[in-house]
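Trainee: Submitted below is the structure of interest, expressed as structure tokens.
The values are calculated or read from the model by the stated rules, or taken from the named source; none is laboratory data. This is a predicted model, so every value here is computed, not measured. Positions of Cβ are backbone-derived with ideal geometry, glycine not excepted, and every protein chain shown enters the neighbour counts. Heads up: the accessible areas ignore ligands, DNA and RNA and are worked out on the full protein's heavy atoms, side chains in. Shrake-Rupley method; radii C 1.70, N 1.55, O 1.52, S 1.80 Å.
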Amino acid sequence: MSYVQGTVRGPAGEDTVRFLIDSGAVYSLLPEPVWRAIGVAPKREMDFALADGSTVRRPVSECHISLPQGEGHTPVVLGQPGDAEPLLGVVTLEILGLVFDPFRRTLHPMRALLV
């Protein structure tokens, strides 16, 4: 497992978060205390499949995220009590122009194609 320290910012402030880099997760996830502290509000709801095959419905919103490798605006799942730790998903990685190297367990700039 690989982690990266980042800062998330919303209308009410910012918070420092230790994200698990999860290349199997589509969206990043913020635990409830974090998204409430930075003032993020639900914008819509989506269904998500879990590793055990079950499905959960979760609110989704947006926030600004800063990592040592870059920063930008990204969609985030608003975690509920009992949900996983903060996750950094592939949509956020793509928005920031990053790829995860699972062998070295590091983030690298992606080779972006313009065709």
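Trainee: Name the pairs: first residue in the stretch 33-57 and at positive phi, second residue open to solvent by less than 100 Å² (accessible area, probe 1.4 Å), Cβ to Cβ under 7 Å, at least 6 apart or on different chains?
Mentor: From the stretch 33-57, the pairs are Gly39/Gly10; Gly39/Ala12; Gly39/Gly13.
Trainee: Only one of (1) surrounded by 19 or more Cβ atoms within 10 Å (Cβ to Cβ); (2) within 11 Å of the chain's Cα centre (by Cα); (3) modelled with pLDDT of 95 or more; (4) of a type outside the set (Lys, Arg) fails for Pro75. Which number is that?
Mentor: So the condition that Pro75 fails would be (1).
Each row is one residue, and each column tells you yes or no for (1) surrounded by 17 or more Cβ atoms within 10 Å (Cβ to Cβ); (2) of a type in the set (Asp, Glu).
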| site | (1), (2) |
| --- | --- |
| Lys43 | no, no |
| Gln69 | no, no |
| Gly79 | yes, no |
| Val91 | no, no |
| Glu94 | no, yes |
| Pro102 | no, no |
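Trainee: Oh, and also: Quick check on the stretch 57-79. Is at least one of its residues part of a strand (DSSP E or B), over 11 Å from Tyr27 (Cβ atoms) and charged (D, E, K, R)?
Mentor: The answer is yes, given that some residue of the stretch 57-79 is part of a strand (DSSP E or B), over 11 Å from Tyr27 (Cβ atoms) and charged (D, E, K, R).
Trainee: Residues in the stretch 46-61: is at least one modelled with pLDDT of 95 or more, in contact with an Asp or Glu (Cβ under 7 Å, 6 or more places away or on another chain) and of a type in the set (Gly, Ala, Ser)?
Mentor: Scanning the stretch 46-61 turns up no residue that is modelled with pLDDT of 95 or more, in contact with an Asp or Glu (Cβ under 7 Å, 6 or more places away or on another chain) and of a type in the set (Gly, Ala, Ser).
Trainee: Condition first: of a type in the set (Val, Ile, Thr), touching an Asp or Glu at 6+ places or on another chain (Cβ under 7 Å) and free of Cβ contacts under 8 Å to residues at least 24 places away in the same chain. Can you find one or more residues in the stretch 94-104 that meet it?
Mentor: No, that holds for no residue.
Trainee: While we're here: If the requirement is being at pLDDT 95 or above and surrounded by 11 or more Cβ atoms within 10 Å (Cβ to Cβ), which of these qualifies: Asp83, Asp15?
Mentor: Among Asp83, Asp15, only Asp15 is at pLDDT 95 or above and surrounded by 11 or more Cβ atoms within 10 Å (Cβ to Cβ).
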